[in-house]
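These notes are about the structure you will find just below.
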Amino acid sequence: MSDTTMTRPKAKRGFGFYARIYRKILVQDLKSKMSYRADFVISTFGMIMTNLSGFVTFLILFKNFPTINGWDYYHMLFLYGFSLVALTPVQCFFDNNWNLRFQVQSGDFIKYCFRPINVFFYFMSEVFDVKGLGQLAFGIGTLVYAWVHIGIPVTPLVIAKLVLFLLTASLFMIAIMNAAAATCFWIVGSGYVMVIMFRFKDFAKYPSSIFHGIFRILFTFVIPIAFVAYYPSLAILESNNVPVLTWCAPALGVLFFYLSYKFWMLGVSRYDFTGS
Amino acid sequence: MNMRRHLALTRAGIMESLQYRLGTAVTLFANLIYLVLVYFLWRAIYDSAGTEVVNGMTFTDTMIYLILATALFNFLEMFVVWDMSRSIQSGKIILDLLKPMNFRTYTFWSYSGSHVVLFTLTFVPTFIVVMIVTHGAIPMGINLLFFIIATVLALIVNFSMEMIVATICLFTESTWGINIVKETIVLLLSGASIPLAFFPELFRKIVEYLPFRAVYDIPLTILLKKNGTDTLEGLLPMFGLQLAWCVILTVAGILFWNHSVRKITVNGG
Amino acid sequence: MENAIVMKNVCKDFKILNRHEGLKGSIRDLFSRDYKTISAVKDVSLEIARGEIIGYLGPNGAGKSTTIKMMTGVLEPTSGDIMVNGLVPYKERTKNSEHIGVVFGQRSQLWWSLPLIESFRLLRDIYMVPKKDYEEMLELYRSLVDIEPILHKPVRQMSLGQRTLSDILAAFLHNPAIVFLDEPTIGLDVAMKAKIRSLIQGLNAEKNTTVILTTHDMGDVDALCKRIVIIDEGKKIYDNDIEHLKSYFGSYRTLRIRHADDTWEERVIDESKEDVMEVILKKQKEQKIKDIQLQEISTEEVIKKIYENSAASKEAAAGLHVAPAADGETASEKKEGATV
């Protein structure tokens with residue numbers, strides 16, 4: 001190692017390093033987004049419309065059917081709000097997954113492989129989606145409204161549990177979308193997988209006790225939509241009778257996220273970059 | 001007649017869709033799982049209701065309606081808005097406008113190929129499966145022919161709506177926002193997520209006259225012979241509504257497009 | 001460690017599906033398992049010394065990009081060894097990328113909506129460049145090109161030339177040992193090309209950076225490269241000095257004749273077979289000639305001839321089948337436009 005560039009001392013790129021880089025990219029990105037106000041207004045409007053329409057669907061359903069599988073209006077509303085909040089991280093921080101297949105197909109994806117940082121991180125850090133915040137507000141509103149009507153006590157312990165299980169729920173949703181997006185490394189024209197997986201999330205807001213037999217296992221352990229709202233929210237709703245799966249959820253969430261990350265990275269390493 | 005030129009585009013579209021062979025298989029599979037979800041949800045809903053018939057719809061009716069609506073949705077899904085915004089951003093739109101064929105006609109026929117493939121690969125299998133599972137709950141007769149006609153009209157209405165929304169993209173870069181608004185409104189008001197029969201009275205009255213219904217609700221109502229569509233008196237208003245919206249939206253779309261293109265070219269956008 | 005890059009008998013194969021033609025073929029492809037193997041790179045060995053600027057040439061689809069992707073660690077070779085800066089790139093991609101810079105085609109690697117200076121700052125953090133080195137590099141940039149007008153401009157608002165310039169600057173920012181430039185001047189105007197060439201030259205001279213340049217523009221090669229490597233159909237068919245290359249075709253001249261109606265006729269003449277004067281005399285008997293120019297064969301013509309030769313001698317193992325001409329003139333003595 002005679003060259004000076006080779007001997008430059010390098011600090012380790014740890015969690016602190018990545019957090020710092022992400023923060024800097026985020027700040028810059030927000031700054032530049034401010035200059036596209038029309039886009040922001042229209043996107044926010046779109047987000048509000050989606051949420052309103054989801055809510056209207058929900059209301060119409062409950063006008064016709066007062067309970068679903070023993071769940072009444074406010075409990076269902078709680079699940080609904082819970083799922084909306086749990087979806088925020090995947091929408092805010094992992095939205096670039098939607099661009100993955102275009103970049104892979106056109107060969108532009110190769111640019112993420114030339115930097116001395118984690119490819120997954122680099123790719124995801126490029127997009128922070130502000131629109132997700134509108135949904136967060138909507139979700140919190142719904143959650144609080146249902147919370148008050150059900151009459152769940154507000155204690156520091158309950159709040160801590162809520163935060164923990166919301167984060168857990170988010171991990172499952174992120175894992176589902178990562179895995180769905182990564183299919184494009186193997187399958188040309190797999191865009192539809194993402195679209196349908198994203199539509200699956202609409203079913204997260206129903207109690208997973210509606211599923212039977214093999215499909216219950218499928219939607220719990222293979223495509224874990226039962227974990228996006230149902231199991232985590234039981235920690236708050238059924239605090240006297242929490243099922244085992246709820247307690248396992250945080251660990252399982254980390255595991256699913258890790259597996260989806262590995263799958264995503266496997267896709268990167270298998271990909272031929274023949275797009276160019 | 002330059003029908004041959006149009007059919008050449010259809011053929012090219014079919015071949016392109018088939019290139020994605022694994023993608024096609026996965027699409028089919030994902031759809032199946034989605035339908036399973038829909039089934040369990042409504043099974044639970046009807047079980048909780050305690051009655052067999054809600055708002056004139058039995059569980060079987062609702063399932064057939066929703067499954068076929070999903071299949072229709074997949075078959076009718078177009079990405080005109082996205083394609084448009086991408087070709088505007090890359091400047092390819094200029095080339096599209098210079099093509100010897102009218103842009104609108106060209107887009108329509110380019111999509112026809114994937115429509116044919118998707119109809120055969122998603123709608124027909126779904127239809128057959130539903131037919132077998134429900135033991136003939138779908139009436140088989142002249143209504144199939146009417147359904148096909150209604151679907152073609154629905155396709156035109158859907159395409160016209162897509163084109164109008166895509167034209168808006170000439171003015172703003174916010175494709176995501178525009179597209180999500182369109183998708184949300186169409187999905188809710190067309191009855192694709194909840195059958196229109198479940199809507200509250202007043203709301204339903206309004207929605208029945210809007211164009212969105214012409215896309216999913218009318219073809220399915222005709223297929224299932226609901227709302228008196230088994231008689232000519234019941235059928236004609238449905239086709240009338242579809243045709244009216246076809247004409248209105250096509251004319252409006254063409255006018256809006258021509259006006260916008262002129263404006264954009266003048267401004268040198 | 002003398003060499004920046006060492007490749008030994010490197011091969012890369014791709015497996016692709018055999019597609020059939022027509023509508024029937026498309027349907028058959030849905031179920032077909034009929035794959036074929038394509039060798040993109042065949043047994044390529046190469047040594048590149050520190051500080052060299054190498055022109056890496058070849059027709060479209062010859063395997064240039066694949067080679068570069070292997071050198072950068074993005075692709076793993078099917079067989080053979082690659083060492084880049086003493087590392088095996090695909091095994092230590094992250095570590096390897098600390099010491100390389102890449103400009104790939106017309107694809108910008110900068111943050112699309114950020115002003116250039118912000119991209120620079122992010123890269124400084126990502127590569128952990130010490131503040132002093134970073135400032136020095138910016139100073140060097142200022143001395144080589146006028147960067148002020150683009151420094152505060154978002155990349156998405158830049159012209160293609162400004163974007164390429166920015167990408168090149170970004171690739172050198174962390175003072176890498178090797179920089180890969182894939183067609184950096186494609187689509188640029190003459191002034192911008194010149195600017196970019198002198199920038200690359202300046203950075204190479206100042207930092208002793210090894211530069212691997214792929215291009216179809218012989219102007220780039222003439223301006224920058226001492227040594228060129230040519231690859232065709234995955235095989236290395238030439239690896240030597242650019243002067244040496246011209247001497248292969250030293251006996252070739254381009255003769256340009258202006259007819260009475262002011263049109264120019266151009267033909268390449270092999271002086272070992274034909275006499276230039278005889279050709280001119282013959283022409284003159286046929287028609288009136290207003291003007292004559294005799295030019296040294298251009299690099300472009302030479303490369304074209306090599307590609308043609310390579311295509312003509314596919315069955316032969318490798319190498320050039322052109323007898324080296326006697327040491328006549330060298331490329332440096334360009335007789336451009338020397339009117340007879």
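So which of A:82, A:109 ends up being in a helix (DSSP H, G or I) and within 13 Å of chain C (Cβ to nearest Cβ)?
None of the other options fit; the residue is A:109.
Among B:41, B:98, B:35, B:68, which is within 30 Å of residue B:173 (Cα to Cα) and of a type in the set (A, V, I, L, M)?
Going through B:41, B:98, B:35, B:68 in turn, the sole match is B:98.
Could you list all residues from segment C:21-54 that are at pLDDT below 75 and either at positive phi or away from every other protein chain (no Cβ under 14 Å) (or both)?
C:22, the sole residue that qualifies.
Restricting to segment B:47-94, what's the tally of residues that are part of a helix (DSSP H, G or I) and out of contact with any Cys (no Cβ under 8 Å at 6 or more places or on another chain)?
Result for segment B:47-94: 30.
Each row is one residue, and each column tells you yes or no for (1) of a type in the set (Ser, Thr, Tyr); (2) surrounded by fewer than 22 Cβ atoms within 10 Å (Cβ to Cβ); (3) assigned to a helix (DSSP H, G or I).
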residue: A:162; (1), (2), (3): no, yes, yes
residue: A:165; (1), (2), (3): no, no, yes
residue: A:176; (1), (2), (3): no, no, yes
residue: A:180; (1), (2), (3): no, no, yes
residue: A:198; (1), (2), (3): no, yes, yes
residue: A:201; (1), (2), (3): no, yes, yes
residue: A:205; (1), (2), (3): no, no, no
residue: A:217; (1), (2), (3): no, yes, yes
residue: A:220; (1), (2), (3): yes, yes, yes
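Of the residues A:215, A:200, which single one is within 14 Å of the chain's Cα centre (by Cα), within 24 Å of residue B:46 (Cβ to Cβ) and within 13 Å of chain B (Cβ to nearest Cβ)?
Result: A:200 is the single residue among A:215, A:200 that is within 14 Å of the chain's Cα centre (by Cα), within 24 Å of residue B:46 (Cβ to Cβ) and within 13 Å of chain B (Cβ to nearest Cβ).
Of all residues in segment A:117-150 being at pLDDT below 90 and assigned to a loop (DSSP other than H, G, I, E, B), which is farthest from residue A:85 (Cα to Cα)?
So, considering only residues that are at pLDDT below 90 and assigned to a loop (DSSP other than H, G, I, E, B), the one farthest from residue A:85 (Cα to Cα) is A:126.
Every residue, every condition in (1) among the basic types (Lys, Arg); (2) part of a helix (DSSP H, G or I); (3) without any contact (Cβ under 8 Å) to a residue 12 or more places away in the chain; (4) closer than 20 Å to residue A:87 by Cβ, yes or no:
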{"site": "A:195", "(1), (2), (3), (4)": "no, yes, yes, yes"}
{"site": "A:233", "(1), (2), (3), (4)": "no, yes, no, yes"}
{"site": "A:242", "(1), (2), (3), (4)": "no, no, yes, no"}
{"site": "A:245", "(1), (2), (3), (4)": "no, yes, no, no"}
{"site": "A:257", "(1), (2), (3), (4)": "no, yes, no, yes"}
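Would you confirm whether or not segment B:177-187 contains a residue that is loosely packed, with under 15 Cβ neighbours inside 10 Å and of a type outside the set (Lys, Arg)?
Checking segment B:177-187: not a single residue is loosely packed, with under 15 Cβ neighbours inside 10 Å and of a type outside the set (Lys, Arg).
Can you find, within segment C:33-67, the residue that is surrounded by the fewest Cβ atoms within 10 Å (Cβ to Cβ) among those that are β-branched (Val, Ile, Thr) and farther than 28 Å from residue C:300 by Cα?
Out of the qualifying residues, it is C:37.
Could you please find all residues in segment C:68-97 being crowded, with 21+ Cβ neighbours inside 10 Å, out of contact with any strand residue (DSSP E or B) (no Cβ under 8 Å at 6 or more places or on another chain) and either not in a helix (DSSP H, G or I) or not assigned by TED's automatic domain parsing to the domain that holds residue C:173 (or both)?
The answer is C:74, and nothing else.
Kindly evaluate residue A:154 against the criterion of being out of contact with any helix residue (DSSP H, G or I) (no Cβ under 7 Å at 6 or more places or on another chain), in a helix (DSSP H, G or I) and exposed (fewer than 15 other Cβ atoms within 10 Å of the Cβ).
In short, no.
Any residue at all in segment C:55-67 that's in a loop (DSSP other than H, G, I, E, B), at pLDDT below 90, touching a helix residue (DSSP H, G or I) at 6+ places or on another chain (Cβ under 7 Å) and over 12 Å from residue C:12 (Cβ atoms)?
So far as segment C:55-67 goes, yes, one or more of its residues are in a loop (DSSP other than H, G, I, E, B), at pLDDT below 90, touching a helix residue (DSSP H, G or I) at 6+ places or on another chain (Cβ under 7 Å) and over 12 Å from residue C:12 (Cβ atoms).
Could you tell me how many of the residues in segment B:172-213 are in a helix (DSSP H, G or I), more than 7 Å from chain A (Cβ to nearest Cβ) and aromatic (Phe, Trp, Tyr)?
Counting residues in segment B:172-213 that are in a helix (DSSP H, G or I), more than 7 Å from chain A (Cβ to nearest Cβ) and aromatic (Phe, Trp, Tyr) gives 2.
Looking at B:111, B:106, which one is surrounded by fewer than 19 Cβ atoms within 10 Å (Cβ to Cβ), on the phi < 0 side of the Ramachandran plot and in a helix (DSSP H, G or I)?
Within the list B:111, B:106, the selection yields B:106.
If residue A:187 meets every condition in (1) surrounded by fewer than 15 Cβ atoms within 10 Å (Cβ to Cβ); (2) within 14 Å of chain B (Cβ to nearest Cβ); (3) assigned to a loop (DSSP other than H, G, I, E, B); (4) among the hydrophobic types (A, V, I, L, M, F, W, C) apart from one, which number is that one?
Unmet for residue A:187, out of (1) surrounded by fewer than 15 Cβ atoms within 10 Å (Cβ to Cβ); (2) within 14 Å of chain B (Cβ to nearest Cβ); (3) assigned to a loop (DSSP other than H, G, I, E, B); (4) among the hydrophobic types (A, V, I, L, M, F, W, C): (1).
Please pick out the residue among B:144, B:153 that is touching a residue at least 24 places away in the same chain (Cβ under 8 Å), touching a Leu at 6+ places or on another chain (Cβ under 9 Å) and crowded, with 19+ Cβ neighbours inside 10 Å.
The conditions single out B:153.
Answer with yes or no whether residue C:40 is part of a loop (DSSP other than H, G, I, E, B), aliphatic (A, V, I, L, M) and more than 14 Å from residue C:213 (Cα to Cα).
Spelling it out, it is not the case that residue C:40 is part of a loop (DSSP other than H, G, I, E, B), aliphatic (A, V, I, L, M) and more than 14 Å from residue C:213 (Cα to Cα).
Restricting to segment B:32-62, name every residue that is surrounded by 14 or more Cβ atoms within 10 Å (Cβ to Cβ), among the polar types (S, T, N, Q) and more than 7 Å from chain A (Cβ to nearest Cβ).
The answer is B:58, B:60, B:62.
The values are calculated or read from the model by the stated rules, or taken from the named source; none is laboratory data. Since the model is a prediction, treat every value here as computed from it, not as a measurement. As a convention, Cβ positions derive from the backbone with ideal geometry for all residues, glycine included, and neighbour counts pool all protein chains shown.
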